[in-house]
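Working notes, structure below.
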Amino acid sequence: MCLAIPVRVNALLPDGMARVTLSGVAMDISVALVEEVQVGDYVIVHVGYALARIDPEEAERTLALMQEGGVIPPSEAAEACP
């Protein structure tokens, strides 16, 4: 089973990379597979690669469900969706 998590792009970096925060940890991910990613966009991330852009409301609903299911702690859901 694979798990992809919605995250918000905090900064765009050179070479098709972006900085996001996940579980309180800032990390760099590849956005090379998704066209025209901008700061503030939500993307679905799996093993360090953004797979698709996602609507902010959908990202918030997904993170809330993940919180309910105990996949992420409540503070992380609030951090991921400012």
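For residue 52, the residues 5 or more places off, or on other chains, whose built amide H falls under 5 Å of its own are 44. Value of Rg to Rh for the chain, rounded to two decimals, is 0.94; Kirkwood radius and Rg both from alpha-carbon coordinates.
A Förster distance of 25 Å, applied to the separation of the beta-carbon atoms of residue 28 and residue 71, puts the FRET efficiency at 0.65. Here the 3J(HN,Hα) profile of the stretch 67-72, calculated from phi with Karplus coefficients 6.51, -1.76 and 1.60 at θ = phi - 60°, is 5, 4, x, x, 6, 10 Hz, Gly and Pro shown as x.
Could you work out the helix-only [θ] at 222 nm for the chain, with each DSSP H run of four or more residues adding -39,500 (n - 2.57) and the total divided by the number of residues, to the nearest 500 deg cm²/dmol?
The helix-only estimate for the chain comes to -7000 deg cm²/dmol at 222 nm.
As a length-normalised measure over Cα pairs under 8 Å and 6 or more apart, the relative contact order of the stretch 5-80 settles at 28 percent.
Each value in this text was obtained by applying a stated rule to the coordinates, not by laboratory testing. On a predicted model such as this, the values are computed, not experimentally measured, just so you know. Cβ: placed from backbone, ideal geometry, glycine included. Neighbour counts: every protein chain shown.
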